[in-house]
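Below is one structure, written out as structure tokens; the observations come after it.
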């Protein structure tokens, strides 16, 4: 059975009842975060997991049946630039649509600067929290947010760098945690810490501050099948890339009944967040980010059709493969101008003479012969003087990575495109 099968009825995909363990509870927490700019699943083999559109479907379905607090542990983006600002705004807007309780400010987000912080705050209805810098009139950040029975705080092991990025004064991690616990006690709320830090950082915090019932940390791995405990503190992570979430029950006194939920294709796209995503793609197109990609000098390209005269058998294999329709698959989904996607669907995107647009380089659209063999115009003109390298299986792995093609099997895929 697929790991998300029990959720199908919940999201209107198939029939099924909620488990009895969730019937008598006060609050359900959903933990996400660390999207690293991944707004939607990407890849060539199924099942791709993750994405804010599927997350919204899950959260809204749960919220229709029970009290839900959504926690987002930062790292919305992983780079700096105008396109990353647009990504962060879109993610924050989606989080606000889901009714997010709090978003922790990670160091990656802080690199966007104060302007980026304002954009995130405006898009999320001021849901950012950060206890590791001193707030100022120009830095609209709170260290905690109250949501349901929780006081949710955000902190980071990289507080010094965040303070530097934002032109503020650093507040140490331990000091931020101490304040969270003290404030929560005064308000008679359960303190929850979202930590921009690793599992070892979370372990140390849990040992020093056993008053924390729940600590959310960051991890480059997938969502663990079980939580980690240090004493009575539960330590959880949603992993990296937004591929899954954690669901936790809080009964009014303790955290328990943990479930890891991969956001697989059985979760349909939420229509409202899908509109946000479509607007993101529109802004990326209008911003001309694809046109501004850095390019390197290279030999001249010829296009796959130029290979037909001498390599008919090889051309026929290519023409009947999915590679020959790779760019069309992007166009059908509105991604034809998205720099995150186009490189693996055309020839020579990073080369001066490579693909720029279908209008300018129709012969370089799709994954072509030169995607693997290299620029071939000289070979076409002088086939005996300029030989092209023989391609081996490793050529596939630059695009068919474990992230983008989770079930890619080179042993079964290679025979489909192999030719002589």
task = For residue 196, state whether it is closer than 24 Å to residue 29 by Cα, in the same structural domain as residue 86 (by TED's automatic domain parsing) and touching a helix residue (DSSP H, G or I) at 6+ places or on another chain (Cβ under 9 Å).
result = yes
request  = Please go through the range 254-283 and pick out each residue that is surrounded by fewer than 19 Cβ atoms within 10 Å (Cβ to Cβ), within 19 Å of residue 71 (Cβ to Cβ) and out of contact with any strand residue (DSSP E or B) (no Cβ under 8 Å at 6 or more places or on another chain).
outcome  = 254
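Conditions tested, residue by residue: (1) under 23 Å from the mean Cα position of the chain (by Cα); (2) at pLDDT below 95; (3) farther than 19 Å from residue 215 by Cα.
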{"residue": "135", "(1), (2), (3)": "no, yes, yes"}
{"residue": "138", "(1), (2), (3)": "no, yes, yes"}
{"residue": "142", "(1), (2), (3)": "no, yes, no"}
{"residue": "151", "(1), (2), (3)": "no, no, no"}
{"residue": "156", "(1), (2), (3)": "yes, no, no"}
{"residue": "162", "(1), (2), (3)": "yes, no, yes"}
{"residue": "168", "(1), (2), (3)": "no, yes, yes"}
{"residue": "173", "(1), (2), (3)": "no, no, no"}
{"residue": "176", "(1), (2), (3)": "no, no, no"}
message = Checking residue 169 against (1) in contact (Cβ under 8 Å) with a residue 12 or more places away in the chain; (2) more than 26 Å from residue 78 (Cβ to Cβ); (3) surrounded by fewer than 17 Cβ atoms within 10 Å (Cβ to Cβ): exactly one of these is not met. Which one?
response = (2)
message = Yes or no: the range 315-322 includes at least one residue that is touching a helix residue (DSSP H, G or I) at 6+ places or on another chain (Cβ under 6 Å), without any contact (Cβ under 8 Å) to a residue 60 or more places away in the chain and in a loop (DSSP other than H, G, I, E, B).
response = no
task = Could you run through the range 99-115 and say how many residues are crowded, with 22+ Cβ neighbours inside 10 Å, free of Cβ contacts under 8 Å to residues at least 60 places away in the same chain and out of contact with any strand residue (DSSP E or B) (no Cβ under 6 Å at 6 or more places or on another chain)?
result = 3
request  = Return yes or no: is residue 51 buried (at least 19 other Cβ atoms within 10 Å of the Cβ) and either modelled with pLDDT of 95 or more or out of contact with any strand residue (DSSP E or B) (no Cβ under 8 Å at 6 or more places or on another chain) (or both)?
outcome  = yes
ask   = Do we find a residue being surrounded by 19 or more Cβ atoms within 10 Å (Cβ to Cβ) and touching a helix residue (DSSP H, G or I) at 6+ places or on another chain (Cβ under 8 Å) anywhere in the range 376-388?
value = yes
request  = State whether the residues of the range 270-285 include one that is outside the structural domain of residue 184 (by TED's automatic domain parsing) and more than 20 Å from residue 96 (Cβ to Cβ).
outcome  = yes
task = Only residues that are exposed (fewer than 14 other Cβ atoms within 10 Å of the Cβ) and within 23 Å of residue 109 (Cα to Cα): list them for the range 176-211, please.
result = 200
request  = Give me the pairs, please: first residue somewhere in the range 247-260 and over 16 Å from residue 31 (Cβ atoms), second residue anywhere and surrounded by 14 or more Cβ atoms within 10 Å (Cβ to Cβ), beta-carbon distance under 7 Å, and either six or more positions apart or on two chains.
outcome  = 251/25; 252/149; 254/213
request  = Would you point out the residue of the range 396-413, among those that are part of a helix (DSSP H, G or I) and either crowded, with 16+ Cβ neighbours inside 10 Å or outside the structural domain of residue 372 (by TED's automatic domain parsing) (or both), that is farthest from the chain's Cα centre (by Cα)?
outcome  = 413
query = Could you list, in sequence order, the residues of the range 115-137 that are out of contact with any helix residue (DSSP H, G or I) (no Cβ under 6 Å at 6 or more places or on another chain) and farther than 14 Å from residue 76 by Cα?
reply = 115, 118, 122, 126, 130, 134, 135, 136, 137
query = In the range 45-71, how many residues are in contact (Cβ under 8 Å) with a residue 60 or more places away in the chain and either touching a helix residue (DSSP H, G or I) at 6+ places or on another chain (Cβ under 8 Å) or not assigned by TED's automatic domain parsing to the domain that holds residue 237 (or both)?
reply = 6
ask   = Looking at residue 187, is it touching a residue at least 40 places away in the same chain (Cβ under 8 Å) and in contact with a helix residue (DSSP H, G or I) (Cβ under 9 Å, 6 or more places away or on another chain)?
value = no
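The values are calculated or read from the model by the stated rules, or taken from the named source; none is laboratory data. Predicted model only: the values in this text are computed from it and were never measured. Neighbour counts are summed over all protein chains in view; Cβ atoms, including those assigned to glycine, are modelled from backbone coordinates with ideal geometry.
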